[in-house]
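Asker: Here it is, the structure in full.
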Amino acid sequence: MAGCVWGEEVAPSGSAETGHSVGEIPPPSQNEPKSNSIIGALFKRQAHSVKFIIENWMLILMAAASGSLLLWQALQKSTGGAVGTAEAVRLINREKAVLIDVCEPSEFDAGHAVGARNIPLGSLEGAKSLPSNKSLPLVLLCASGARAKRAAGLLRKAGHEQAIAVAGGMTAWREAGLPVDKKSA
């Protein structure tokens, strides 16, 4: 059965019956499954995708970076994030926010923002000097801003929706040239 292809007998080379030479694979007939064409189409589509990625890698990178920055910003806002000193002053002056320093008393005595109440982070929960109006904005300060962020999270869990930390803490406060008091409050 020399020349047997696709389960059919093929006539010897030069035969008028098939029109194909020996060893040549005839095209699939009409009633054969087209699995090879589906697989070929998938590979062709995949090749197109790879080509698109290679040709547009810079755009894809910029889109991914932009999306991740937007996601990061949204996550910062949802977790409370922190505000700069200018926004903190605006909250204090216009929104009647209460300024709370969550440093330890020794740090507070060494220098604190004018008008700040000292409520150390460890005694924040259930502190009597917290405002009873939980809708009032609370601006939280500490030496670097890290404890203030933790305090803001604790206060939000306790019902103070508008508790927010100052980014950079007292270091940023001093660098902005805002008033600092060295007396105990």
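Asker: Ranked highest first by average number of other Cβ atoms within 10 Å, how do 64-71, 95-102 line up?
Answerer: Values: 64-71: 10.0, 95-102: 21.1.
With the highest mean Cβ count within 10 Å placed first, the list reads 95-102, 64-71.
Asker: Order the peptides 83-90, 133-140, 161-168, 47-54 from the highest to the lowest mean number of other Cβ atoms within 10 Å of their residues.
Answerer: Output ranking for 83-90, 133-140, 161-168, 47-54: 161-168, 133-140, 83-90, 47-54.
Asker: Figure the gain on full extension for SER68 and SER37 (residue separation times 0.36 nm, minus the Cα-Cα span) and round it to one decimal in nm. The partial results should precede the final answer.
Answerer: Working: separation 31, 0.36 × 31 = 11.16 nm, distance 3.93 nm.
Full extension of this stretch gives 7.2 nm more.
Asker: A follow-up question, please. Using only the alpha-carbon atoms, what does the stretch 125-185 span along each of its principal axes? Please give whole angstrom values in decreasing order.
Answerer: Largest first, the stretch 125-185 extends 32, 22, 17 Å along its Cα principal axes.
Asker: Next up: When the Kirkwood hydrodynamic radius is evaluated over all pairs of different C-alpha atoms of the stretch 46-181, what value in angstrom, to one decimal, is obtained?
Answerer: Details: mean 1/r = 0.0604 Å⁻¹.
The Cα-based Kirkwood calculation yields 16.6 Å.
Asker: Further question: Just to be sure I understand the curve: with the Debye formula and one point per C-alpha of the stretch 56-133, what is log10 I(q)/I(0) at q = 0.12, 0.13, 0.14, 0.26 Å⁻¹?
Answerer: For the stretch 56-133, the Cα-only Debye profile gives -0.55, -0.61, -0.66, -1.23.
Laboratory data are not the source of any read-out in this text; all were calculated from the coordinates shown. Here the structure is a predicted model, which means the values were calculated and not measured. Here Cβ is always computed from backbone atoms with ideal geometry, including for glycine, and neighbour counts include all displayed protein chains.
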